[in-house]
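**Student:** My structure is below; once you've seen it, I'll send some questions.
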Amino acid sequence: MMIGLLSFLTIIACGGEKTEESPASNAGSKGIGPVKSVTLGTLDQAMADRGKKQFEAKCAACHKFEEKVVGPALQDVTLRRTPEWIMNMILNPIEMTQKDPIGQELLGEHLTQMTFQNVKEEEAREILEYFRKMDLK
Amino acid sequence: MLKKSNLILVTLGITLFTFLPNCKKGAATATLASDAASRVYVAPGEKDEVYAFLSGGFSGQMSVYGIPSARLFKIIPVFSVFPENGYGFDEETKDMLKTTHGYVPWDDSHHVEASMTDGKQDGRWMFLNANNTPRLARIDLKSFETKEILEIPNTSGNHASPFATENTEYLMAATRFSVPVPQASVPIDSFSKGGFKGTVTMVKVDKNTGRLSVELQVLVPGFNYDLSHCGKKKSHDWCFFSSYNSEQAHKMLEVGASKKDKDFILAFNWVRAKECKDQGKAYNFGGDYVNNFKEENKPAVSTRLSGVKMLNPKDCPGMMYYMPTPKSPHGTDVDSTGEYIVGGGKLASVIPVHSFSKMMEVKDKKEHHSTEIEGIPVLKYESTLAGEVKKPCLGPLHTEFDGQGYAYTSCFVSSEVVKWKLGTWEVVQHLPAYYSVGHLSIVGGSSTEPYGKYLIAMNKITKDRYLPVGMELPQSAQLYDISSGKAELLSDFPTVGEPHYSQMIPAKLIMDKTAKLFPLEENKHPYATKSENDARIVKLGNTTHIYMTAIRSHFKPDIIEARTGETLYFHVTNLEQDYDIPHGFAIGGAPNMTNLLIMPGETRTFKWVAPKPGIYPFYCTDFCSALHQEMQQYIRVSP
Ligand SMILES: [Cu+2]
């Protein structure tokens, strides 16, 4: 596991070499992953509730809303990132921390590889809905 | 009868070859293929072509290597405790090692068998025998974990085991050390008067689940049954067992068991046996045994069972025949077509090959019987003989097949592998082995369709081959490329324990089916904690259950309070759903418990009786993240 960790911190396992992308404008980034576009409607309460359950089972061990624990605090995440970026980070965290400029920066800051928790795309969408609900408060 | 001079010759041979290795060094490089290094080189990130599963001998485990690189990938604990990951210690796996003799945390495992469908390897399970305390194990090739262990009753020294029928309908297990059946305290010399018996056990394998059960036992004469292989294609209904000590000597076996020119290969029609059982010809017989089953993410369930159906050969004509085979045979191996049954007579000067078709032709004709032993007809040697490989080597043991019409036989005494042609019985190549080779394995070599290409020889002695490491040197396996006309030595590598037999499987049959994690949603462990929100401590009198979660890089709950003498169960669930992220769990100074490695989505339990007052740390032992060192906390024990 030690060797695995080292390679994560240097080039990162299976992705090959870093691509030279300029980290200039991140704000509108959709990130890297299966989600290309998300259309948001008005908040779907039922979907947000399902997302809460998912979040508590698979994410809450490392994320709180109000403070940084293992990973960053999540309050206002839907204001900071695009919906696509959030879902891609949930669904494709290893490549995101390897190649996405924001992802790389976050790994540098928190120093723990975010895990893929075997979340399906539909479930990631529900989690996103839960984040939206939390940010409405 | 063995002539005295022969015995002396054999003894001399053993002596010679035991000393010879010291001065044989030059020969090693002489036969090496010139580009051997590049043929075993597997570049970083590349995968091996073949999985090799080697029995661990006195380690009681099974080891997994990649071929051709010979890199060791894994040791799968089977019959021995494994402190590295807690196998045999934690509440989930300790019952896997239960037997009628109590908890037996070690064994001697000799033979690996691969599951087959229609005679071809199917990559579902591996089976392994325990020789010392008779048991059979099933190892699942999805998780590479031991899922089931079945004790075999009414037997001793489960050596001729676990050999599978062509479609894995049954696994065979036969007695090495004949004993009174049922067990009794009798004078040991009653062995020579027929007072000791052996059994042949048919263990049924459920074709969907792999679950093991004792179907039937056959009570056989008290010889030492050594090895087995089952038939294929036309010989599908039959299994063949080698035997030695048909003299039934009970002391000085090295002389007493070598008196006769021929011992036997026992031909057993298991389809007929089942038929007789179904016709009610088997009787209820005693015998206690234990079945241990470990379902995914549940504690092992150990069930004590009693009684078997027993069949006597005389009550089931057509079920068993003895084929005389020179001399103290070890291997009995059936070629890929199912026609030839090759004996490996440790003390024989020929390799005898029996013909299945001839056996079928003569088996029920009186003129081809020489005698009968306890209801089992003895066929005449010449009647079933297809041919003999003359003067192949000294001490032929075990034969594997390449599917191209060639057989490879290991020769213990002369330390070599001989390649010979089926049908003409001529030796075409001698390959030196370093030294004292036991079994061989060809990829798929015991199936109907060998993949061929590689052969490994498993050697007992390595003096002068490696850097010395004290008096006990590693055993070794030697890798040969057999894909072209001339087999070539590629490399040799040290092994875990003393490997006896191996099964090699093309990687493509297994690699894409291996499990990457246990889905948390499917975790049915009664003490699972599937969300950190559910982590909690439940006190029940003097017992405390800690429902604990582990994820990079912390445990929850992380502060534990206990009193001296209180029993604590740490049920740790690894919440990760990411490949290759186990967490460890260990408590400082914990007696009777070792480390746990908990796979993603798995729950395992660490039992701990709070010792004298103090502060005791617990921590993750499997380097999991940059904050792995921080994955630690404390238990406070108060008076
Ligand atoms: Cu850890």
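**Student:** About its Cα centre, how strong a charge dipole does the protein assembly as shown have in debye, to the nearest 20, once Lys and Arg get +1 and Asp and Glu get -1 at the Cβ? Could the numbers behind the result be given before it?
**Tutor:** Numbers: 85 positive and 90 negative charges, 364 e Å.
Using only the charged Cβ atoms, the result is roughly 1740 debye.
**Student:** For a footprinting-style exposure proxy, rank A:121, B:151 by other Cβ within 10 Å, fewest first.
**Tutor:** On the way: A:121 13, B:151 25.
Listed from fewest to most nearby Cβ atoms, that is A:121, B:151.
**Student:** Something else now. Using a simple spin-label model with points 7 Å from Cα along the Cα→Cβ vector, what separation in nm is obtained for residue B:360 and residue B:592?
**Tutor:** Distance between label points: 5.9 nm.
**Student:** Same structure again: Excluding residue A:56 itself, calculate the net charge of residues whose Cβ lies under 15 Å from the Cβ of residue A:56, where each Lys or Arg counts +1 and each Asp or Glu counts -1. Please list the in-between numbers first.
**Tutor:** Values: positive: A:50, A:52, A:53, A:58, A:64, A:133, B:530, B:536, B:556; negative: A:49, A:123, A:126, A:129, B:521, B:532, B:534.
Charge balance near residue A:56 sits at +2.
**Student:** Choose one of B:519, B:37, A:85: the residue whose Cα lies farthest towards the positive end of the charge dipole of the protein assembly as shown (beta-carbon charges +1 Lys, Arg; -1 Asp, Glu; about the Cα centre).
**Tutor:** Selected residue: B:37.
**Student:** Using the structure shown, select from B:142/B:607; B:74/B:524; B:94/B:193; B:147/B:277 the pairs with a Cα to Cα distance greater than 32 angstrom. Show your work: numbers first, answer last.
**Tutor:** Values: B:142/B:607 28 Å; B:74/B:524 27 Å; B:94/B:193 41 Å; B:147/B:277 29 Å.
Too far apart for the 32 Å limit: B:94/B:193.
**Student:** Toward the positive end of the charge dipole of chain B, about the Cα centre and with charges on Cβ (Lys, Arg +1; Asp, Glu -1), which of B:299, B:589, B:452 goes farthest?
**Tutor:** B:452
**Student:** Let me ask you something else. Under 1.5 on a/c is rounded, so check that first for chain B, then, if it is not, pick prolate when a/b is larger than b/c and oblate when it is not; a ≥ b ≥ c are the square roots of the alpha carbon gyration tensor eigenvalues. Working shown, then result.
**Tutor:** Numbers: a/c = 2.07, a/b = 1.54, b/c = 1.35.
Prolate is the answer for chain B, as a/c is 1.5 or above and a/b outweighs b/c.
**Student:** Helix-only mean residue ellipticity at 222 nm, chain B, DSSP H runs n ≥ 4 weighted -39,500 (n - 2.57), per residue, nearest 500. What is it? Before the final figure, lay out each step's value.
**Tutor:** Values: 7 runs with 51 residues, N = 639.
Taken over chain B, the calculation gives -2000 deg cm²/dmol.
**Student:** DSSP loop trypsin sites (Lys or Arg not before Pro) in segment B:30-105 with at most 15 other Cβ atoms within 10 Å of their Cβ, which ones?
**Tutor:** Values: sites: B:39, B:47, B:71, B:74, B:94, B:98; in loops: B:47.
Hits after loop and neighbour filter: B:47.
**Student:** Of B:376, B:345, B:485, which is farthest on the positive side of the dipole of segment B:39-513, counting Cα position, with +1 on Lys and Arg Cβ, -1 on Asp and Glu Cβ, and the Cα centre as origin?
**Tutor:** Projecting each Cα onto the dipole axis, the largest value belongs to B:376.
**Student:** Related question: Order these by the 10 Å Cβ neighbour count, fewest first: B:278, B:402, B:364.
**Tutor:** Values: B:278 10, B:402 24, B:364 13.
Listed from fewest to most nearby Cβ atoms, that is B:278, B:364, B:402.
**Student:** Could you calculate the FRET efficiency of residue B:579 with residue B:46 from 1/(1 + (r/R0)^6), where r is the beta carbon distance between them and R0 is 30 Å, rounded to 0.05? Don't jump to the answer; show the numbers that get you there.
**Tutor:** Values: r = 19 Å, r/R0 = 0.64.
Approximately 0.95, to the nearest 0.05.
**Student:** Restricting attention to segment B:205-265, which trypsin sites (Lys or Arg not before Pro) occupy a DSSP loop and are surrounded by at most 16 other Cβ atoms within 10 Å? If you can, show how the numbers build up before the last one.
**Tutor:** Numbers: sites: B:207, B:211, B:232, B:233, B:234, B:251, B:259, B:260, B:262; in loops: B:207, B:211, B:232, B:251, B:259, B:260.
Those that pass, being in a loop and sparsely packed, are B:207, B:211, B:251, B:259.
**Student:** Related question: What spacing in nm lies between the two simple spin-label points modelled at residue B:638 and residue B:612, each 7 Å away from Cα in the Cβ direction?
**Tutor:** 2.0 nm
**Student:** Taking the Cα centre of segment B:39-513 as the origin, how large is its charge dipole in debye, to the nearest 20, when only Lys and Arg (+1) and Asp and Glu (-1) carry charge on their Cβ atoms? Before the final figure, lay out each step's value.
**Tutor:** Values: 52 positive and 56 negative charges, 133 e Å.
Once rounded to the nearest 20, the dipole reads 640 debye.
**Student:** Provide B:398, B:369, B:571, B:583 in ascending order of the number of other Cβ atoms located within 10 Å of each residue's Cβ, fewest first.
**Tutor:** Values: B:398 27, B:369 17, B:571 22, B:583 31.
Lowest to highest Cβ neighbour count: B:369, B:571, B:398, B:583.
**Student:** Using a Förster distance of 60 Å, how high is the FRET efficiency between residue B:283 and residue B:382, based on the Cβ-Cβ distance and rounded to 0.05? Please list the in-between numbers first.
**Tutor:** Working: r = 37 Å, r/R0 = 0.61.
That pair, residue B:283 with residue B:382, gives E of 0.95.
Since every read-out is calculated from the coordinates, none of them should be taken as a lab result. The structure presented is a predicted model; accordingly, all values stated were derived computationally and were not measured. FYI the Cβ positions are ideal-geometry reconstructions off the backbone, even for glycines, and counts take in every protein chain you see.
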